[in-house]
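Please read the structure below before turning to the comments.
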Amino acid sequence: MILDPACGECALLKAAEKECGSQYKYYGIDVDKEVVFRNAKGRILVCNDSILPKNVKKNTDKYWIEKLGRVQAIIANPPWSSEKIYSREQLSDAGFDLIKGQYDSYVLFVDLAYKIIADGGYFAFILPDSLFDAQNISLREFLVRNTEIKIIARLGEKIFSEVNRATTVIICKKVVPTDICKTKCFRLTTDDRKAFLNGENTLYYYYYIEGFHKVTQSRFCRNGNYLFDIDIREEEEILISKIREQGVDWKDLFLFGRGVEISKTGNVVCCPHCGMAQGYKKKQLEEGKKSCSFCERFIPVTSDTVQSVVSKKRIKNSVALYVQERNLKSVFGRGQKAPCWEHQGGQREVHGEE
Ligand SMILES: C[S@@+](CC[C@H](N)C(=O)[O-])C[C@H]1O[C@@H](n2cnc3c(N)ncnc32)[C@H](O)[C@@H]1O
């Protein structure tokens, strides 16, 4: 059986049907009853919430295994939102355990997929590139230690029309990894992405012909923070380790984190309970309140509580923030040594309160 737990218009299931034919049964789950109704013909679709199915008191994975049986493969392009529609308590009661710190909704789908899939089964997910961020260390550690990661393919932005976030496909096999198992790594270059989007070639072409390279999966355990450092080829590992030994330690210079999204004006509100500053939406300003993105408690959003934390002019007691766009982040993570360069070109100076 092949399952898509967030099946939408069933594009992935249809592609799987085309590729694998009638040797499998195809199941889909979606919370939206209209898409389920529209796409039910010829396949088994369930209208329910995959994460917290209605009126279910037991663990979510147990519920789905009882209902569907063990699944051989899962394919999904689940929701990526960071909006919290379930409480941590509800999720932990339902058996989700990959939700430490900040997490996006796709983490719940990966957690569920691993639990309901048969041993030796595969799951393939289309995820945003936040998979590579510091907030997802636990997810990466879990995948590296409990699955053979067969493919990590970074495809970049706009692969889906109207989706501006960069996209990654990850395919894992539910089996304890060996020390020698290899992960196929691939990054679609900007030029190839343009050519693909213009219909010049298929993604398969770029993957097979332009080329993936293989790295030993256990490297992701050793490189600090379980980084999926897919751009480093095996033949470059010695050079990179020399740079790591001799470079500066970025964690002495920078603090990395998800940060908070603020508008160009730098307007934020501070949570009176946990003290964390954060942006707010226009609607929240109109309503005069929001729920804290960190502690989930109530924050008043009014002209009295809003304050601006950035300015183009230098303000007394402010510090200059230097912003530089360099993609070294994908190669070096927090706590790792990285090369230092003198060149300051391309930096922007912004002033923020200390
Ligand atoms: C990006 S779409 C998936 C597209 C789909 N893979 C396809 O091939 O057409 C995400 C889908 O997830 C569904 N969804 C969101 N949260 C869900 C949940 N908790 N349980 C089940 N489906 C959910 C949405 O209704 C939406 O149809």
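Just so you know, all these numbers are worked out from the coordinates, no wet-lab data involved. None of these values were measured; they are calculated from a predicted model. Backbone-built Cβ (ideal geometry, glycine too); neighbour counts: all protein chains shown.
Spin-label model, residue 244/residue 18: points 7 Å from Cα along the beta carbon direction are separated by 4.1 nm.
With a cap of 12 neighbouring Cβ atoms within 10 Å, and only residues DSSP puts in a loop, list the trypsin sites (Lys or Arg not before Pro) found in the range 1-95. Those that pass, being in a loop and sparsely packed, are 41, 54, 57, 58, 70.
Of 36, 138, 168, whose Cα points farthest to the positive end of the dipole of the chain (charges on the beta-carbon: +1 Lys, Arg; -1 Asp, Glu; origin at the Cα centre)? The Cα lying farthest towards the positive end belongs to 36. Centroid-to-centroid, using Cα positions, the range 88-118 and the range 129-170 are 16 Å apart.
Give the order of 127, 188, 98, 239 when sorted by the count of other beta carbons within 10 angstrom, beginning with the fewest. Going from sparsest to densest Cβ surroundings: 239, 98, 188, 127. Which residues in the range 163-187 place their backbone N less than 15 Å from a point set 7 Å from the Cα of residue 32 along the Cα-to-Cβ direction? Only 163 fall inside the zone, counting backbone N under 15 Å. Restricting attention to the range 49-231, close to 65% of DSSP beta bridges with both partner residues there are antiparallel. In the chain, helices alone account for a calculated mean residue ellipticity at 222 nm of -6500 deg cm²/dmol, with every DSSP H run of four or more residues adding -39,500 (n - 2.57). Computed from the C-alpha gyration tensor, the three semi-axes of the ellipsoid equivalent to the chain are 36, 29, 20 Å, from longest to shortest.
Show me 167-178, 279-290 ranked by packing, highest mean number of other Cβ atoms within 10 Å first. Let's see the in-between values first.
On the way: 167-178: 18.4, 279-290: 13.6.
So the peptides 167-178, 279-290, ranked by packing, come out 167-178, 279-290.
Two tests apply to each whole DSSP H helix in the chain, Cα reach of 15 Å or more along its axis and mean Kyte-Doolittle hydropathy of at least -1.0, and the ones passing both are 105-116. Annotation: aspartates and glutamates with alpha-carbon distance below 20 angstrom to residue 62 (same-chain offsets under eight excluded): 4, 30, 49, 89, 93, 97, 111, 119.
Annotation: peptides 109-115, 151-157, ranked by per-residue average of other Cβ atoms within 10 Å with the highest first, follow the order 109-115, 151-157. Estimated at 0.36 nm per residue, the fully extended path between residue 318 and residue 235 surpasses their Cα-Cα distance by 25.3 nm.
Classify the range 155-295 from the C-alpha gyration tensor, please: rounded if a/c falls under 1.5, else prolate or oblate depending on whether a/b exceeds b/c. Oblate shape, in that a/c is at least 1.5 and b/c is the bigger or equal ratio.
A Förster radius of 35 Å combined with the Cβ-Cβ distance from residue 282 to residue 118 puts the calculated FRET efficiency at roughly 0.15. Looking at the range 190-265, the trypsin sites (Lys or Arg not before Pro) that sit in a DSSP loop and have at most 16 other Cβ atoms within 10 Å of their own Cβ are 233, 258, 264. Convex hull volume per residue, computed on the Cα atoms of the range 49-231, equals 125 Å³.
Relative to the present Cα-Cα distance, how much length would full extension add between residue 56 and residue 157 at 0.36 nm per residue of separation?
Values: separation 101, 0.36 × 101 = 36.36 nm, distance 3.74 nm.
Roughly 32.6 nm would be gained on extension.
Roughly what % of DSSP beta bridges within the chain run antiparallel, to the nearest 5? The answer is about 65 percent antiparallel. Among the GluC sites (Glu not before Pro) within the range 198-278, those in coil by DSSP and having at most 12 neighbouring Cβ atoms inside 10 Å are 200, 261.
Within the straight-line cut-off of under 21 Å between alpha carbons, the lysines reachable from residue 41 are 14, 18, 25, 33, 67, sequence neighbours fewer than 8 places apart in one chain being disregarded.
Between the alpha-carbon centres of the range 1-41 and the range 282-321 there is a gap of 43 Å. Within the straight-line cut-off of under 25 Å between alpha carbons, the lysines reachable from residue 316 are 264, sequence neighbours fewer than 8 places apart in one chain being disregarded.
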